[in-house]
1. With (1) in contact with a helix residue (DSSP H, G or I) (Cβ under 7 Å, 6 or more places away or on another chain); (2) more than 13 Å from residue 27 (Cα to Cα) as the list, and residue 97 as the residue in question, which single condition is left unmet?
2. Given the options 58, 26, name the one that is outside any strand (DSSP E or B), touching a residue at least 40 places away in the same chain (Cβ under 8 Å), within 23 Å of residue 4 (Cβ to Cβ) and under 16 Å from the mean Cα position of the chain (by Cα).
3. Among the numbered criteria (1) part of a loop (DSSP other than H, G, I, E, B); (2) free of Cβ contacts under 8 Å to residues at least 12 places away in the same chain, which one does residue 48 miss?
4. With respect to residue 20, is the statement that it is within 13 Å of the chain's Cα centre (by Cα), without any contact (Cβ under 8 Å) to a residue 40 or more places away in the chain and closer than 19 Å to residue 125 by Cβ true?
5. What is the number of the single condition among (1) surrounded by 17 or more Cβ atoms within 10 Å (Cβ to Cβ); (2) touching a residue at least 40 places away in the same chain (Cβ under 8 Å); (3) not in a loop (DSSP other than H, G, I, E, B) that residue 38 does not meet?
6. Determine whether the stretch 5-13 contains at least one residue that is in a loop (DSSP other than H, G, I, E, B), under 15 Å from residue 122 (Cβ atoms) and modelled with pLDDT under 95.
7. Looking at 66, 43, can you tell me which residue is part of a loop (DSSP other than H, G, I, E, B), free of Cβ contacts under 8 Å to residues at least 60 places away in the same chain and crowded, with 17+ Cβ neighbours inside 10 Å?
8. May I ask you to list pairs of residues, at least six apart or on different chains, whose Cβ atoms are under 6 Å apart, with the first in the stretch 3-17 being loosely packed, with under 14 Cβ neighbours inside 10 Å and the second being not in a strand (DSSP E or B)?
């Protein structure tokens, strides 16, 4: 059985000008299994569905046992698209110039509605979020 995998495509903008474009793999954490089990067993409350993105401060390498982001700014994702033909789920997200200012962002993650971490990605270097920076991106999960 093939385990799902993730890929993050992140664009960083300064005053509306693209200054960085990062594309990288990420780690699907062990806690994702709990989310999938709840969904497959018929949970219809929506609390296990991916619905949030977080930007945190922990620069430690991603581990399967990770269960949270550190000092995170968490917000709703912009949208989710499923493609049954390819077995992919694409999560769109953004971070506006007015959000998370002053945080030294070292990690990103996608989370369920009840805050369970599904996937985590650690940046090579921290990025101090300032009011002239904004992010846009997608997180693609392939099953």
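The values are calculated or read from the model by the stated rules, or taken from the named source; none is laboratory data. All figures in this text were calculated on a predicted structure; none of them were measured in a lab. All Cβ positions, glycine included, derive from the backbone under ideal geometry; neighbour counts span all protein chains shown.
1. The number of the failed condition is (1).
2. 58
3. Failed condition: (2).
4. Considered against the rule, which asks whether it is within 13 Å of the chain's Cα centre (by Cα), without any contact (Cβ under 8 Å) to a residue 40 or more places away in the chain and closer than 19 Å to residue 125 by Cβ, residue 20 comes out as no.
5. Unmet condition: (2).
6. Among the residues of the stretch 5-13, not one is in a loop (DSSP other than H, G, I, E, B), under 15 Å from residue 122 (Cβ atoms) and modelled with pLDDT under 95, which makes the answer no.
7. 66
8. Note: pairs meeting the criteria are 14/132; 15/132.
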